[in-house]
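*Asks:* Would you mind keeping the following structure in view while I ask a few things?
The values are calculated or read from the model by the stated rules, or taken from the named source; none is laboratory data. Quantities reported herein were computed from a predicted structural model and do not represent experimental measurements. No Cβ is skipped: glycine too gets one built from the backbone with ideal geometry, and neighbour counts run over all protein chains shown. Only protein heavy atoms, including side chains, enter the accessible area calculation; ligands, DNA and RNA are left aside. Shrake-Rupley method; radii C 1.70, N 1.55, O 1.52, S 1.80 Å.
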Amino acid sequence: MFSFTDLRRWGRVLPGLALLGLAGCNLIEFSPNDHRVPEEFTNLTEKNLARLAARPLPAGDTLRFVFTGDSQQFYDEAEALVASVNQQPGIAFLVVAGDISDFGLAREMQWVDEKLRRLTVPYVTVIGNHDLVGNGRPTYQHIFGAFNYSFVYGNTKFIMVDTNGREYNFDGTAPDLGWLKPQLSNHDGARRQVVISHVPPTNDDFDPALRQPYVQALREASNLVFEMNGHNHSASITQPYNDGVTYVNSDAFSERHYMVVTVWGDKQFRIKRVAF
């Protein structure tokens, strides 16, 4: 004989058996690939963008946000990051540049959200390569939303694009240049634009056949402040193609640093790396 208490305990050590709750029919998760989660953990991108829209940028042109990436299974670091970011003045939102999860599991994405929803500001994500493994594709779509999307906040258009080419076997679909180029050519009323993805074009996990077309599209984009990435787990600010386009890479949560990013004017910016 065993009780629900036993099930809860075993759910921590047996990946195929985890108790989800005590209401309705979804008592037990029989597979780690089950992407069912309570409604409050679904469509998080849409919900966070609605929160952001309800917090319009104060008068003026300057925008400040926090940039980080690769939360994966660094849950203690996530708690410390949230505590630190909540002390930062004038922050509008936080961006996680992919790899929210390690194995594309719903429970991982939910656990990270449980940490990040304690932020005093909304957060948005872009999909990472680890979020696409296993059953990660439908899971990310169910919990967060679209792989490619854009939004305008203040005078800045943010373009969030899936660049995880290796996870598509380099089949020419990621990044989706047919989607990206019209996004870059239309500012949707914004003064400047920022592109955010997970895998940088300098990395071997970026589709090699799309590297130059992608770089060229960014080079030709007007008032592009910079292109931002995660994946490398270490911070850098470079112009690898010597074409005037700046590429910003974030630390992973494990490195216990994040960036406070300030943008203004046509494409002016300042970046401060913060330890937590």
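*Asks:* For Ser84, are the conditions met, namely being under 15 Å from the mean Cα position of the chain (by Cα) and hydroxyl-bearing (Ser, Thr, Tyr)?
*Replies:* Working: under 15 Å from the mean Cα position of the chain (by Cα): no; hydroxyl-bearing (Ser, Thr, Tyr): yes.
So Ser84 fails the test.
*Asks:* Kindly establish whether Ala217 is touching a helix residue (DSSP H, G or I) at 6+ places or on another chain (Cβ under 7 Å) and open to solvent by less than 40 Å² (accessible area, probe 1.4 Å).
*Replies:* On the way: touching a helix residue (DSSP H, G or I) at 6+ places or on another chain (Cβ under 7 Å): yes; open to solvent by less than 40 Å² (accessible area, probe 1.4 Å): yes.
Taking the combined requirement at face value, the residue satisfies it.
*Asks:* Here's a follow-up. Which of the residues spanning segment 162-193 are touching a residue at least 40 places away in the same chain (Cβ under 8 Å), open to solvent by 50 Å² or more (accessible area, probe 1.4 Å) and in a helix (DSSP H, G or I)?
*Replies:* Step one: list which residues in segment 162-193 are touching a residue at least 40 places away in the same chain (Cβ under 8 Å), which gives 163-166, 177, 184, 191-192.
Those left that are additionally open to solvent by 50 Å² or more (accessible area, probe 1.4 Å): 166, 191.
Across segment 162-193, the qualifying residue is only Arg166.
*Asks:* Regarding Ala23, is this residue over 20 Å from Tyr140 (Cα atoms), modelled with pLDDT of 75 or more, out of contact with any strand residue (DSSP E or B) (no Cβ under 8 Å at 6 or more places or on another chain) and assigned to a loop (DSSP other than H, G, I, E, B)? Step through it out loud before you land on a result.
*Replies:* Numbers: over 20 Å from Tyr140 (Cα atoms): yes; modelled with pLDDT of 75 or more: no; out of contact with any strand residue (DSSP E or B) (no Cβ under 8 Å at 6 or more places or on another chain): yes; assigned to a loop (DSSP other than H, G, I, E, B): yes.
Taking the combined requirement at face value, the residue does not satisfy it.
Let's see how each residue does on (1) under 21 Å from the mean Cα position of the chain (by Cα); (2) farther than 29 Å from Ala59 by Cα:
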site	(1), (2)
Asn169	no, yes
Thr202	yes, yes
Ala209	no, yes
Gln216	no, yes
Ser222	no, no
Pro240	no, yes
Gly265	no, no
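*Asks:* Further question: Cβ-Cβ below 7 Å, separation at least six or inter-chain, first residue in segment 246-272 and under 17 Å from Gly128 (Cα atoms), second modelled with pLDDT of 95 or more and assigned to a helix (DSSP H, G or I): which pairs?
*Replies:* Phe253/Glu77; Phe253/Ala78; Phe253/Leu81; Ser254/Glu77
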